[in-house]
Amino acid sequence: KCRRQRWFKTRPSRGRVGSIHCCTNLRETKQATQPVEEDWSYPVPSEYFDRVTNHHVKNIEEYMRIYERSIRQPDEFWSDMATQVLSWKQLWDKQVCSYNFDVKRGPIFCEWFKGGKLNACYNCVDRHVEAGYGDQVAYYAEGNEESSDLRGYTYRELLDYIERLASALKSRGVQKGDVVAIYMPNIPELAIAMLACARIGAIHSVVFGGFSAESLANRLMDAKSRVIITCDGYRRGEKMVPLKTVADTAAELAREAMGNNLVEHKIIYQKLNPTEYSVTMDSHVDEWWHDVLSKSEKHCAIEWMDAEDPLFVLYTSGSTGRPKGIVHTTGGYLLYAALTHRYAFNYHPGSVYFCTADCGWITGHSYVVYGPLVNRATQVIFEGVPTYPDADRLWKISAKYKVNQLYTAPTLIRSLMRFGEKYVKNCRRDSLTLLATVGEPINPEAWKWFSREVGENRCPIVDTWWQTETGGHMILPPPVQGFYQKPGSASIPFFGIVPVVVNEKGEELSGECEGYLCIKKPWPGMLRTVLGDHSRMESTYFSPFRGLYMSGDGCKRDKDGYYWLTGRVDDVINVSGHRIGTAEVESALIAHGSVAEAAVVPVPHDIKGQGIYAYVTLREGEEPTEELRRALKHAVREHIGAICSPDVIHWAPALPKTRSGKIMRRILRKIAELGTNVSQSDLGDISTLSDPQVVETLVSLHGK
Ligand code: ATP
Ligand code: MG
């Protein structure tokens with residue numbers, strides 16, 4: 001049953017914060033026919049409240065009350081949260097927050113809880129063991145192979161390994177403030193390595209286990225890492241990844257460029273059977289993880305950090321250009337990751353939570369390591385890929401560990417939809433209570449499939465919008481009683497977040513509108529700088545619009561105050577003066593039953609200025625015919641209007657994606673322009689692609 005409710009109405013805000021308020025005006029709506037339709041809304045399923053009785057927030061009215069307080073009395077709100085959620089060695093002595101978002105007034109900065117002392121590892125692990133929860137499982141570990149015996153860890157075991165690794169790092173000269181690189185597969189030892197750094201005040205820089213030697217070398221040099229923690233190699237699906245060999249090459253490249261004090265130590269976790277795969281060890285630099293840990297001190301003192309001391313540096317996905325080394329600090333980030341994890345997923349200790357993200361990207365940092373561990377979660381960490389050995393892997397894992405909350409990505413849902421429902425139906429899903437996504441807008445078609453096929457229409461779908469830079473969720477549909485979800489809309493702001501939509505001149509728009517999504521007030525989880533390049537932080541996020549954090553994403557706000565992400569502002573297509581967001585056209589294509597995935601980019605057009613160029617991946621068993629091409633163009637015309645109908649449809653067996661699953665539109669734009677004044681050598685940096693081969697295939701299909 002479809003109902004609509006005007007929960008959020010936006011008043012002209014005249015620069016005020018907290019312009020969203022709650023009003024109740026429930027009425028039935030007609031069935032909508034369009035794929036992106038603001039009027040489609042579904043209440044959070046009532047079965048959710050029958051099955052889950054513990055709620056951090058009772059209902060939408062309470063959510064709004066908390067939100068209002070977080071905006072009107074931010075200092076009181078955040079200091080209450082900080083003391084409730086985290087354990088502090090010493091409370092902050094000055095203001096809760098001080099900041100400057102205005103480039104004209106001096107350097108951009110933001111500080112939270114300055115003077116407060118705490119340690120991230122202590123908050124994630126030690127305190128739970130001290131409180132008697134040492135035997136609780138922290139990680140169930142699922143390997144690449146279904147038969148693998150990858151080990152899981154209780155909180156006590158986690159602590160034991162962290163302490164020994166932390167002592168080892170210290171005895172190898174790692175000090176507070178040094179950057180340690182971590183280049184590992186997605187296994188619990190990766191979390192152990194991160195937390196060992198946090199324990200001694202070292203800053204970790206996790207690099208995706210699939211990145212090339214060159215990408216790794218760049219990151220080693222950027223952060224001047226003297227130590228790297230890696231592993232011999234691992235299998236990802238059918239593919240063998242020779243991690244140590246890549247790390248060796250990267251270390252050499254870095255040393256050649258910057259001198260021998262880079263990568264003085266490598267600690268190598270042995271993942272593979274040495275009789276099947278052996279690596280060469282350089283006795284001056286390389287040591288095995290198991291040797292190091294067995295010889296090191298069992299206990300390692302905690303380094304109490306200032307709330308504003310850096311916790312880690314992490315590079316953005318690189319979807320829009322050269323990745324930026326985003327720096328997060330200890331107090332604000334930790335609080336924000338934990339609080340969003342707690343409220344977005346309504347997490348309570350005892351339930352089993354599974355986030356499919358790799359720790360090599362921010363979702364893994366905030367929602368596989370820091371957020372869940374602060375909240376004493378029991379979780380599943382998965383090393384492999386969702387289609388290996390078969391397309392039912394995620395559902396099988398969910399059944400095996402009786403997962404309650406599942407957090408994944410739209411790209412993954414779409415790729416599994418491609419294989420049809422039978423894989424889902426074969427597995428029990430009755431443990432699942434809540435489903436969530438991150439990474440891109442979730443197309444309404446994928447939303448509905450996820451809700452219906454996976455969640456059996458009884459789970460809330462929490463579509464979380466956020467960025468590496470924001471540290472944690474910013475906009476999401478809270479899974480609370482009385483809230484109406486709209487498929488495809490990330491919905492409403494989290495506590496303390498003041499989103500604003502501005503036009504090209506930076507003027508704040510009110511009510512129903514479309515423009516650039518910016519954030520007006522500081523929040524604890526925000527980035528503090530770009531490593532080694534504070535001016536890049538200022539020019540990227542704060543120069544475009546005075547006094548505002550610019551997200552780089554476009555969005556619409558509807559009449560109910562819900563936010564709809566329309567795509568990157570750089571990707572907006574301008575057809576005869578009409579600005580068209582990529583997300584809407586892609587959703588219309590995906591709504592056609594034969595399409596699995598679509599990516600839309602602009603292409604120069606003599607008359608219209610820009611035309612729409614669509615890459616389309618078909619579902620299993622569908623044939624790319626001229627008739628289908630016409631049908632797809634027609635479908636877009638019908639759904640959103642003739643102006644949005646693609647000029648070109650390029651059949652794409654696969655799309656170029658970053659390792660975190662994001663479509664790299666900047667490469668697609670270049671391929672679309674091939675033959676005009678663009679050649680293959682102009683494709684730019686493709687080093688963060690998960691499969692560079694895809695690019696060649698697409699080039700070969702150009703014009704076909
Ligand atoms: P780079 O900044 O290097 O180009 P990136 O922006 O892809 O890389 P991330 O920080 O991993 O790096 O991704 C954040 C971006 O992902 C957001 O700016 C937004 O475009 C997109 N995104 C994430 N979650 C959502 C969501 N729920 N809805 C819409 N878009 C989302
Ligand atoms: Mg970005």
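The values are calculated or read from the model by the stated rules, or taken from the named source; none is laboratory data. Note that this is a predicted model, so its numbers are computed, not measured. Backbone-built Cβ (ideal geometry, glycine too); neighbour counts: all protein chains shown. For accessibility, only protein heavy atoms count, side chains too; no ligands or nucleic acids. Shrake-Rupley method; radii C 1.70, N 1.55, O 1.52, S 1.80 Å.
About its Cα centre, what dipole magnitude does the chain give when the only charges are +1 on Lys and Arg Cβ and -1 on Asp and Glu Cβ, stated in debye to the nearest 20? Please list the in-between numbers first.
Numbers: 84 positive and 85 negative charges, 344 e Å.
The dipole of the chain has a size of about 1660 debye.
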- Message: Given a 1.4 angstrom probe, what's the average accessible area per residue across segment 382-512, in square angstrom?
- Response: 27 Å²
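Past 32 Å, Cα to Cα, is the threshold; run Lys114/Lys657; Lys271/Lys400; Lys396/Lys448; Lys58/Lys324; Lys176/Lys505 against it and keep the listed order. Show your work: numbers first, answer last.
Details: Lys114/Lys657 39 Å; Lys271/Lys400 23 Å; Lys396/Lys448 21 Å; Lys58/Lys324 39 Å; Lys176/Lys505 44 Å.
In this structure, Lys114/Lys657; Lys58/Lys324; Lys176/Lys505 exceed 32 Å between Cα atoms.
Summarise the accessible area of the chain (1.4 Å probe, protein heavy atoms) by the percent that is carbon and sulfur. Write down the numbers at each step before the final one.
On the way: 12040 of 25900 Å².
Taking all protein chains in place, the chain shows 46 percent carbon and sulfur surface.
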- Given the peptides 613-619, 383-389, arrange them by the average over their residues of other C-beta atoms within 10 Å, most packed first. 613-619, 383-389
- Task: For Arg579, put the label point 7 Å out on the Cα→Cβ axis and report which residues of segment 475-501 keep their amide N under 20 Å from it.
- Result: 489-491, 499-501
- Item | Value at 222 nm in deg cm²/dmol, rounded to 500, when DSSP H runs of n ≥ 4 in the chain each add -39,500 (n - 2.57) | -7500 deg cm²/dmol
- So how do 393-402, 109-118, 518-527 stack up, highest first, on mean other-Cβ count within 10 Å? 518-527, 109-118, 393-402
- Note on the structure: Here FRET efficiency (C-beta to C-beta, Trp304 to Leu674, R₀ 45 Å, nearest 0.05) is 0.20
- Excluding residues fewer than 8 places away in the same chain, name every one of the aspartates and glutamates whose C-alpha is closer than 13 Å to that of Lys608. Asp647
- Taking the dipole about the Cα centre of segment 289-355, with the C-beta of Lys and Arg at +1 and of Asp and Glu at -1, give me whichever of His328, Phe312, Val352 is farthest to the positive side. Val352
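Please compute the contact order of the chain in relative form: average sequence separation of alpha-carbon pairs under 8 Å and at least six residues apart, divided by the residue count, as a percent.
Numbers: 1573 pairs, mean separation 100.1, N = 704.
Dividing the mean separation by the residue count of the chain yields 14 percent.
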- Please say if segment 394-453 is rounded, prolate or oblate, where rounded means a/c under 1.5 for a ≥ b ≥ c the square roots of the C-alpha gyration tensor eigenvalues, and otherwise the choice is prolate for a/b larger than b/c and oblate otherwise? oblate
- Task: Quick one: check the C-alpha center-to-center distance for segment 266-333 versus segment 145-184, whole angstrom.
- Result: 7 Å
- Task: Note down the magnitude of the dipole of segment 113-230 about its Cα centre, charges +1 on Lys and Arg C-beta and -1 on Asp and Glu C-beta and zero elsewhere, to the nearest 20 debye.
- Result: 840 debye
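How would you rank 287-295, 249-257, 119-127, highest first, on the average number of other Cβ atoms within 10 Å across their residues? Let's see the in-between values first.
Working: 287-295: 15.7, 249-257: 18.3, 119-127: 24.6.
Sorting 287-295, 249-257, 119-127 by mean packing, highest first, produces 119-127, 249-257, 287-295.
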- Note on the structure: Gln693 and Val103 label points (each 7 Å along its Cα→Cβ direction) are spaced in nm at 4.3 nm
- Message: Given points 7 Å out from each Cα along the Cα-Cβ axis, report the Lys425 to Asn260 separation in nanometres with one decimal.
- Response: 6.6 nm
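In debye to the nearest 20, how big a dipole does segment 320-479 give about its Cα centre with +1 on each Lys and Arg Cβ and -1 on each Asp and Glu Cβ? If you can, show how the numbers build up before the last one.
Values: 17 positive and 12 negative charges, 54 e Å.
Roughly 260 debye for segment 320-479.
Going by the alpha-carbon gyration tensor, a ≥ b ≥ c the square roots of its eigenvalues, is the chain rounded (a/c under 1.5) or, if a/c is not under 1.5, prolate (a/b greater than b/c) versus oblate? Let's see the in-between values first.
On the way: a/c = 1.42, a/b = 1.22, b/c = 1.17.
Here the chain falls in the rounded category.
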- Message: Using a Förster radius of 25 Å, what is the FRET efficiency between Ser147 and Asp282 based on their Cβ-Cβ separation? Nearest 0.05, please.
- Response: 0.15
- Query: By a straight-distance test (C-alpha under 19 Å), which lysines pair with Lys170 as possible cross-link partners, with residues fewer than eight away in the same chain excluded?
  - Reply: Lys224, Lys266, Lys295, Lys298
- Message: So, for segment 80-213, what is the accessible surface per residue at a probe of 1.4 Å, expressed in square angstrom?
- Response: 35 Å²
